[in-house]
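So the structure is just underneath, and the comments pick up after that.
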Amino acid sequence: MEGINAKYVSQKISKTRWRPVSSSYLQQPDIFATGSWDNEDNNISIWSIGENGVSSMDGEFEGDPQLVCEYKHNGDVLDLQFLDQDRIVTASSTGAVTIFRHHHDSQTLSVSQRWERAHHYPCGNAPCTGVVCNSPEIVTVGEDGRIMLFRADQEGVLRTIEKADSSTIHAVTFLRTTEILTVNSIGQLKLWDFRQQGNEPSQILSLTGDRVPLHCVDRHPNQQHIVATGGQDGMLCIWDVRQGNMPFSLMEAHTAEMWEVHFHPSNPDHLFSCSEDGSLLHWETSSNSDMPSFLQGGRNTSIISRSAIAPASGNQSLISAWLTGDSSKGHLETTHMLPSQMLSVNSLDVLGQCLVCGTDGEAIYVNRRVPI
């Protein structure tokens, strides 16, 4: 596929994230991190697509990602997030939460902090399944149903919500500075407010009918009440947490489990999802019916969608295109971003015009010309 570089890395990649860039709007990311899983030895690795690459005459990148440094990771990397430009937080299948520091001068990684048994059962460790950062705060969730709150500059645990869930919590994201949203294995979204002292969620939303596990969640970068989730059945769900307790819309996205979903951080009319079925989809919603230029030229952009379930408020000053319910009218377009895949696409991240994803096919794919 045009614009995509594939790098074969001899390990299954479970997570991949771009390093944050400075506030300069024009700067494109050039460093990303990956974590591996289901290998004899797992690693956290730093990759560069910057000066180690080869630029063509028109300034566009033409080379593979280059390995900068790596560090052995105990257990599978089940989640990975940058805390800032120097530090990376990982969630392990052993239950540990670790902060790694990337030393730019020596191009090495070291362990800065570790909470060894952050998640555990009475008789053993429980996998830490998700992590989200709002520096210096770190929130983790696990198979043990716990929610843990840490600060990167403190050794102890800031707060524990015991028995936050009776089922596995699969993912977590910040809604606001003091609020988080979790998704679990029985199809529920739960909102938590750290200003409240109790161990009960402030709101519960759920899919009706079958309790389909939800695996991933992301919130709209500008309108925090809009949330996207994906789960076991491959459905993409858009929620308005202000409106009722059910998803606003459901779209048939993938034919197997959806592992990650991400709004573009600066252009949230674009959304990306990846799946066990080996596909990586780029979704674009627009308020007009003109097909975007990058979708013209014979690509298959058909989707099957179900119209909106919950009505939107009539008094909203700003109504997101994701909440117009017009997906069935052709206002939502999808594009396959990868060549035909046989094995799972486990993780993706997008920043600026750059997209990276990791697969069970022991490959990393980088696209530096994402049409945003």
Practice prompt. Go ahead and collect, in residue order, the members of the stretch 5-20 whose backbone nitrogen is under 17 Å from a label point 7 Å along the Cα-Cβ direction of residue 256.
Written response: 12-15
Worksheet item: Can you give the Rg and Dmax of the stretch 64-114 based on its C-alpha atoms, in angstrom?
Response: 11.1, 33
Worksheet item: Assuming R0 = 35 Å, what is the FRET efficiency of residue 372 and residue 116, from their Cβ-Cβ distance, to the nearest 0.05?
Response: 0.30
Discussion item. Need one number: nm distance between label points at residue 336 and residue 154, each 7 Å from Cα along Cα→Cβ, rounded to one decimal.
Written reply: 5.0
Practice prompt. Note down the magnitude of the dipole of the stretch 116-234 about its Cα centre, charges +1 on Lys and Arg C-beta and -1 on Asp and Glu C-beta and zero elsewhere, to the nearest 20 debye.
Written response: 180
Worksheet entry | Two-site label geometry, residue 167 and residue 69: point separation in nm, points 7 Å out along Cα→Cβ | 4.2
Practice prompt. With label points built 7 Å along Cα→Cβ from the Cα atoms of residue 177 and residue 203, find their separation and express it in nm.
Written response: 2.0
Practice prompt. Quick one: check the C-alpha center-to-center distance for the stretch 95-120 versus the stretch 178-198, whole angstrom.
Written response: 26
Fill in: Whether the stretch 112-213 is rounded, prolate or oblate, judged on the alpha carbon gyration tensor where a/c under 1.5 counts as rounded
oblate
Worksheet entry | Exposure rank, largest accessible area first [212, 370; 1.4 Å] | 212, 370
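The values are calculated or read from the model by the stated rules, or taken from the named source; none is laboratory data. Model, not experiment: these values are computed from the prediction. FYI the Cβ positions are ideal-geometry reconstructions off the backbone, even for glycines, and counts take in every protein chain you see. For the accessible areas, the whole protein counts, side chains as well, though only heavy atoms, and no ligand, DNA or RNA atoms are used. Shrake-Rupley method; radii C 1.70, N 1.55, O 1.52, S 1.80 Å.
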